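Visitor: Structure incoming, see below.
Any read-out appearing in this document is the output of simple, stated calculations on the displayed coordinates, not a laboratory observation. Not measured: the values here are computed from a predicted model. Counting neighbours? That spans all protein chains shown, and the Cβs are built from the backbone with ideal geometry, glycine included.
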Amino acid sequence: MKFAELWAITSNRKKAIALAGSIAHELRTPMLGLRMEIDNFKNICEEAANADITDLDNEEYTAISARLSRHISKSSLIVDSLLQNVREESINDQAFNLYSMREIIIDVIEHFPLTDSERAAIQFDDTINFKFWGDELLMSHVVMNMIKNALQAISIADNGQIFISLIPAEQNPENAKYHSLIIRDTGTGMKRRELAKIFDRFYSGPKGGIGLGLAFCARVINSFKGTITCRSEHGQYTEFTIRLPRKEIR
């Protein structure tokens, strides 16, 4: 009995540490976004003060306010979603709607805190698009997580690029019922034993991953009635493929 109690306590402690680490890790991006917007707002005010301008641009204020509100919404969603993941609660699909995958990817790339070299490493053909049934903020979080993992892989390898591709269902004769989003990096790749566990909850890989990110991404995509798979060769590449139904499947 003592061994069972100690095992349960240790297990719960590991889960609590993983959850705390996940929240801190995942909130870092929207918090950086908030700081950037606040700094931008501060600069606008200082420039206006130095130029003795009293009538500031209301459109600029409105745009900054909208972006700040979006970052706050993302932060709240991340916390709620991670808690749902730990409790193994299903994702609420009542507010699902049709969204443009291209617009989500462009938004993530534009507002994700990236260095110039990181931004240059991302290749995305924005002439292709498809719409999917799901949640915009949840899908943004999935894409953000994929890009963060890819950036980490090419940073560790000190080389590589990230390729993001969209394949609409109508352009995929092998599986015309599903759209595809493919995110491939030519960084470190993964070993086979690591690849088999990446979607497990609380699994932390050798690169120091938090252990809830990819598991939660899989839950999100499953709630959209889609699938997420991964192929990788150690030292060569990692490729995630997300397939989403052409229309909602009930």
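Visitor: Under the Karplus relation 6.51 cos²θ - 1.76 cosθ + 1.60, θ = phi - 60°, what is the ordered set of whole-Hz ³J(HN,Hα) values for segment 219-227, x standing for Gly and Pro?
Guide: Once θ is set to phi - 60°, the couplings for segment 219-227 become 5, 5, 5, 4, 5, 7, 6, x, 9 Hz.
Visitor: What is the pair-distance distribution P(r) of segment 98-142, computed from all Cα-Cα distances in 5 Å bins starting at 0, with each bin given as a whole percent?
Guide: 5, 20, 30, 23, 15, 7, 1
Visitor: Next question. Mind jotting down the distance between the C-alpha centroids of segment 106-138 and segment 169-197, whole Å?
Guide: After rounding, the separation between the Cα centres reads 17 Å.
Visitor: Among 117-128, 220-231, how do they line up by average Cβ neighbours within 10 Å per residue, starting with the highest?
Guide: On the way: 117-128: 13.2, 220-231: 17.9.
Going by the mean number of other Cβ atoms within 10 Å, highest first, we get 220-231, 117-128.
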